[in-house]
Amino acid sequence: MKTSIIGYPRIGSLRELKFASEKYFRNEITAQELESTAKDIRLSNLKLQQSSGLDHIPSNDFSFYDGMLDTAVLLNAVPKRYRDLGLSELDTYFAMARGYQGEHGDVKAFAMKKWFNTNYHYMVPEISDDTEIKLSGNKPFALFAEALENGVKTRPVIIGAYTFLKLAKYTGKKTAADFAKSAIYAYGNILKKLSELGAEWVQLDEPCLVTDMTDEDKSLFVQLYKDILANKYGVKVLLQTYFGDVRDCYNEICSLDFDGVGLDFAEGKQILELVKANGFPADKILFAGVVNGKNIWRNHYGNTLAVISELKKHCSEIVLNTSCSLLHVPCTLKNEIKLADSYKKHFAYAEEKLTELAELKKILSSDVPEKTSEYLSNCKLHSEVRGGANAEVQKKVSELSDGDFVRLPVFAEREKIQKERFKLPLFPTTTIGSFPQTAEIRAERAAFRKGDISAEDYESYMKSKIAECIELQEKIGLDVLVHGEFERNDMVEYFGECLDGYIFTEKAWVQSYGTRCVKPPVVWGDISRAKPMTVKWSTYAQSLTDKPVKGMLTGPVTILNWSFPREDISLKESAYQIALAIREEVLDLEANGISIIQVDEAALREKLPLRRSDWKNDYLDWAIPAFRLVHSGVKPETQIHTHMCYSEFADIITDIDNMDADVITFEASRSDLTILDALKENNFRTEVGPGVYDIHSPRIPSKEEIKTALRKMLDRIPAEKLWVNPDCGLKTRGNAETVPSLENLVNAAADIRNENC
Ligand code: GLN
Ligand code: ZN
């Protein structure tokens with residue numbers, strides 16, 4: 001039995017690519033130097049995979065920013081406004097990723113969306129009526145050749161035509177189907193070129209196949225692959241799916257001429273049943289995704305063997321595979337120096353998953369798998385009691401009743417009480433919470449962590465930053481202030497550290513988008529609040545000003561979705577535990593004079609099941625209540641805000657309203673304010689601040705541009721419900737662009753206020 005992976009992390013085990021790219025963006029290194037760092041990462045990944053004994057090694061899983069963006073370039077879908085900048089190929093690519101503002105012009109970045117149910121974000125390709133889809137880029141070929149030069153015949157990985165066309169945004173009249181012919185031709189050319197270079201396999205990633213498909217979708221999929229596979233130029237094609245099961249098109253997949261089919265047995269709830277009920281074609285190899293690519297727990301070999309033995313009854317050849325790309329887990333446990341072995345032995349990051357694949361291969365090739373030492377030690381590991389139970393928390397969760405999830409009085413009454421209390425102007429201005437985290441601030445936090453500075457010095461440093469931040473916001477003229485979140489490395493890790501039941505990693509970075517990485521904490525045991533988490537900072541900030549300062553928390557669903565969750569209890573149970581802990585903090589803030597509290601649920605939609613039929617029963621039925629549990633205990637005059645970003649909201653807009661917050665801010669500028677129609681159609685009740693500018697780009701929005709956005713919003717949102725804010729936190733930005741951007745925002749709001757009064 002052979003082994004395979006779908007893709008490997010490309011950021012580097014110590015985030016080398018991130019640091020090199022950021023230096024390149026700051027003009028501190030040349031394109032050649034950036035390319036050389038990238039090559040080092042690729043070759044070291046290659047060596048690692050080779051030495052682990054992996055049989056199918058992928059290539060072109062590397063990207064300077066994102067795989068969808070790479071595919072857009074490969075297929076010539078580079079919009080004119082970027083070509084017109086006249087930049088180098090690399091800089092044109094980065095202009096699409098990050099926007100560009102400089103002597104060559106001023107363009108916004110592509111829209112960015114969450115990649116299915118992960119915290120990875122992809123760039124949304126843009127296709128206009130005159131886009132000519134054809135093979136134009138060179139990356140898959142160059143990277144295949146590079147690996148070959150280094151002695152490895154890899155399997156190039158490319159996003160498949162169906163997923164590419166389905167996820168693209170169409171700016172004109174044409175739709176996906178109108179580009180099918182040219183896509184077929186382009187993918188044909190890709191196969192041809194790879195064949196000429198000597199490739200044996202190519203992997204076409206089609207995660208869109210695990211989402212709901214209409215008849216039209218199915219026929220597009222079939223049309224594309226019937227023709228693409230009509231001439232494979234002697235290259236074997238692996239259709240790779242992940243993040244769920246392919247229940248809508250299993251038969252179509254089986255009857256098309258793929259040589260291999262990759263199915264996800266970790267997340268694909270119905271996939272085993274599908275194989276059992278329908279069989280699996282004898283002329284295809286099944287790439288069985290049995291090693292979970294999304295979580296960090298050690299594989300349970302007993303369970304895996306059971307799945308494989310079932311599959312063997314139906315499949316002629318099986319390759320052991322990961323369930324999705326290892327992009328979604330950290331690189332290696334080798335960098336976790338501080339974490340005790342008693343924890344680490346339960347973990348497998350990307351590198352350790354390579355070992356698991358090798359061990360499984362060995363176990364499966366043995367005559368008595370159950371007697372191999374690898375199998376036995378895995379059994380022993382999984383039979384250990386892990387610890388971390390908290391009976392009190394378990395009891396609290398079990399005793400929750402309906403009333404605990406309801407805030408009184410109802411929204412409309414609270415709205416009146418709060419308008420009376422805060423007396424804010426029409427179109428109040430605010431920010432989402434964080435202010436730029438300079439190198440100096442990060443260095444100070446690091447020094448404190450290392451014990452190089454005392455708690456007193458750290459606290460007074462942070463207070464000085466808070467004071468500067470309050471002063472700055474007052475000077476700019478914002479209405480509702482924030483303390484700036486300087487004490488936070490990350491909006492989830494920070495809270496994890498203040499909660500019992502969490503454990504932390506040192507270097508377990510996972511790419512979130514482009515050069516941005518996150519380090520998800522691990523839910524190890526039952527969760528409870530160990531100590532006040534934010535009260536000190538928020539009350540200090542509030543003591544400096546007469547304007548309201550928002551208390552700033554992360555919500556339970558986001559904390560859970562951005563952690564590595566337990567697999568031994570349900571997500572619902574974990575979410576309620578975290579909600580109870582955050583609720584304590586909310587009440588503590590309120591008791592200490594904080595009048596507005598924002599509970600961010602940036603990742604609310606992230607784990608929403610990919611299929612609509614699973615939404616309610618599987619997710620929203622506990623995710624929305626978890627949020628309500630957090631704030632149901634506050635007084636009517638306390639204003640609860642929430643914030644969400646970078647995902648589709650339109651289809652769950654009534655559920656978002658049901659979170660029963662008083663104000664919600666969200667990202668809207670990168671997706672062209674499309675959310676506004678949904679707000680209007682659904683009579684959205686919560687007050688709302690759709691972001692007026694994109695903070696993931698260094699460009700400064702002009703006052704006029706912001707006014708245009710606000711006017712557009714006022715077409716759909718009642719004036720008395722509209723807030724004015726950027727679309728997300730400012731921590732990744734510099735002060736140089738933040739200050740003028742916020743000044744423009746405040747001035748734009750003032751102009752619009754004058755127009756409306
Ligand atoms: N309050 C957080 C911040 O401003 C929200 C971040 C987010 O939505 N990702 O950074
Ligand atoms: Zn955000």
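The values are calculated or read from the model by the stated rules, or taken from the named source; none is laboratory data. Values in this document were obtained by computation on a predicted structure and should not be read as measured data. Methodologically, a virtual Cβ is constructed for each residue, glycine included, from the backbone with ideal geometry; neighbour enumeration extends over all protein chains shown. Note: areas computed on protein heavy atoms with side chains; ligands, DNA, RNA excluded. Shrake-Rupley method; radii C 1.70, N 1.55, O 1.52, S 1.80 Å.
Some points to look at:
- When residues of region 323-340 are limited to those that are among the hydrophobic types (A, V, I, L, M, F, W, C) and surrounded by 24 or more Cβ atoms within 10 Å (Cβ to Cβ), the one nearest to ARG386 (Cα to Cα): VAL329
- Tally of residues being surrounded by fewer than 17 Cβ atoms within 10 Å (Cβ to Cβ) and within 16 Å of ligand 1 (Cβ to nearest atom) across region 629-670: 1
- Consider region 345-399 and keep the residues that are in contact with a Lys or Arg (Cβ under 8 Å, 6 or more places away or on another chain) and polar (S, T, N, Q). The one that is farthest from VAL291 (Cα to Cα) is THR372.
- Filter result (closer than 30 Å to PRO521 by Cβ, open to solvent by less than 20 Å² (accessible area, probe 1.4 Å) and among the small types (Gly, Ala, Ser)) within region 263-296: GLY268, GLY289, GLY293
- Looking only at residues of region 174-218 that are of a type in the set (Gly, Ala, Ser) and within 24 Å of SER128 (Cβ to Cβ), we find that the one that is nearest to the chain's Cα centre (by Cα) is ALA176.
- For region 722-744, the set of residues classified as surrounded by 17 or more Cβ atoms within 10 Å (Cβ to Cβ) and under 23 Å from GLU601 (Cβ atoms) consists of LEU722, TRP723, VAL724, ASN725, PRO726, ASP727, CYS728, GLY729, LEU730, LYS731, ARG733, listed by residue number.
- Output for region 550-588, where each listed residue is hydrophobic (A, V, I, L, M, F, W, C) and over 18 Å from PRO532 (Cα atoms): VAL557, LEU560, TRP562, PHE564, ILE569, LEU571, ALA575
- Pair list, Cβ < 7 Å and 6+ apart or interchain, from region 487-505 residues that are open to solvent by 30 Å² or more (accessible area, probe 1.4 Å) to residues that are assigned to a strand (DSSP E or B) and away from ligand 1 (no atom under 11 Å from the Cβ): ASP500/ILE527; ASP500/SER528
Here is a yes/no grid of residues against (1) more than 14 Å from ligand 2 (Cβ to nearest atom); (2) in contact (Cβ under 8 Å) with a residue 60 or more places away in the chain; (3) in a helix (DSSP H, G or I); (4) under 26 Å from the mean Cα position of the chain (by Cα):
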site: ALA668; (1), (2), (3), (4): no, no, no, yes
site: ARG685; (1), (2), (3), (4): yes, yes, no, no
site: ARG699; (1), (2), (3), (4): yes, yes, no, yes
site: CYS728; (1), (2), (3), (4): no, yes, no, yes
site: ARG733; (1), (2), (3), (4): no, yes, no, yes
site: ALA749; (1), (2), (3), (4): yes, yes, yes, no
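- Of the residues in region 223-238, at least one is within 21 Å of PRO281 (Cβ to Cβ), of a type in the set (A, V, I, L, M, F, W, C) and open to solvent by 70 Å² or more (accessible area, probe 1.4 Å).
- Screening the candidates ILE717, ILE752, ILE700 for the property of being touching an Asp or Glu at 6+ places or on another chain (Cβ under 6 Å) and away from ligand 1 (no atom under 15 Å from the Cβ) yields one hit, ILE700.
- Region 343-398 - residue that is among the small types (Gly, Ala, Ser) and part of a loop (DSSP other than H, G, I, E, B) and, of those, modelled with the lowest pLDDT: GLY387
- Checking each residue in region 640-660 for being out of contact with any Leu (no Cβ under 8 Å at 6 or more places or on another chain) and among the charged types (D, E, K, R) picks out GLU648, ASP651, ASP657, ASP660.
- Within region 424-443, residues that are under 18 Å from ASN744 (Cβ atoms) and away from ligand 2 (no atom under 16 Å from the Cβ) sit with their Cβ atoms under 8 Å from residues that are among the basic types (Lys, Arg) and open to solvent by 20 Å² or more (accessible area, probe 1.4 Å), at 6+ positions apart or across chains, in these pairs: PRO425/ARG753; PHE427/ARG753.
- Residues within region 571-628 that are in contact with a Lys or Arg (Cβ under 9 Å, 6 or more places away or on another chain), within 16 Å of ligand 1 (Cβ to nearest atom) and either modelled with pLDDT under 95 or not acidic (Asp, Glu) (or both), tallied: 8
- Condition broken by LEU376, with the remaining ones in (1) in contact (Cβ under 8 Å) with a residue 60 or more places away in the chain; (2) of a type outside the set (Asp, Glu); (3) surrounded by fewer than 18 Cβ atoms within 10 Å (Cβ to Cβ) satisfied: (1)
- Total residues in region 86-115, condition over 26 Å from SER182 (Cα atoms) and of a type in the set (A, V, I, L, M, F, W, C): 2
- No other residue among SER88, SER136 is among the hydroxyl-bearing types (Ser, Thr, Tyr), touching a helix residue (DSSP H, G or I) at 6+ places or on another chain (Cβ under 8 Å) and over 25 Å from GLU737 (Cβ atoms) apart from SER136.
- Cβ separations smaller than 7 Å between residues 6+ apart or across chains give the following pairs from region 143-157 residues that are in a loop (DSSP other than H, G, I, E, B) to residues that are among the hydroxyl-bearing types (Ser, Thr, Tyr): THR154/SER59.
- Of the residues making up region 578-626, those that are hydroxyl-bearing (Ser, Thr, Tyr) and over 29 Å from ARG421 (Cβ atoms) are SER613, TYR619.
- Residue that is surrounded by the most Cβ atoms within 10 Å (Cβ to Cβ) [pool: residues in region 114-134 that are over 15 Å from ASP70 (Cα atoms) and of a type in the set (D, E, K, R)]: LYS114
- From LYS531, LYS572, LYS550, residue being farther than 30 Å from HIS382 by Cβ, surrounded by fewer than 23 Cβ atoms within 10 Å (Cβ to Cβ) and basic (Lys, Arg): LYS531
- Selection of region 466-482 for residues being more than 16 Å from ligand 2 (Cβ to nearest atom), under 17 Å from CYS728 (Cβ atoms) and either in a loop (DSSP other than H, G, I, E, B) or free of Cβ contacts under 8 Å to residues at least 40 places away in the same chain (or both) yields only LEU478.
- Of note, TYR343 satisfies the criterion of being in contact with a strand residue (DSSP E or B) (Cβ under 7 Å, 6 or more places away or on another chain) and open to solvent by less than 90 Å² (accessible area, probe 1.4 Å).
- Check on GLN49, outside any loop (DSSP other than H, G, I, E, B), modelled with pLDDT of 95 or more, surrounded by fewer than 18 Cβ atoms within 10 Å (Cβ to Cβ) and out of contact with any Phe, Trp or Tyr (no Cβ under 6 Å at 6 or more places or on another chain): no
- Residue, nearest to TYR693 (Cα to Cα), within region 99-113, restricted to residues that are open to solvent by 50 Å² or more (accessible area, probe 1.4 Å) and assigned to a loop (DSSP other than H, G, I, E, B): LYS108
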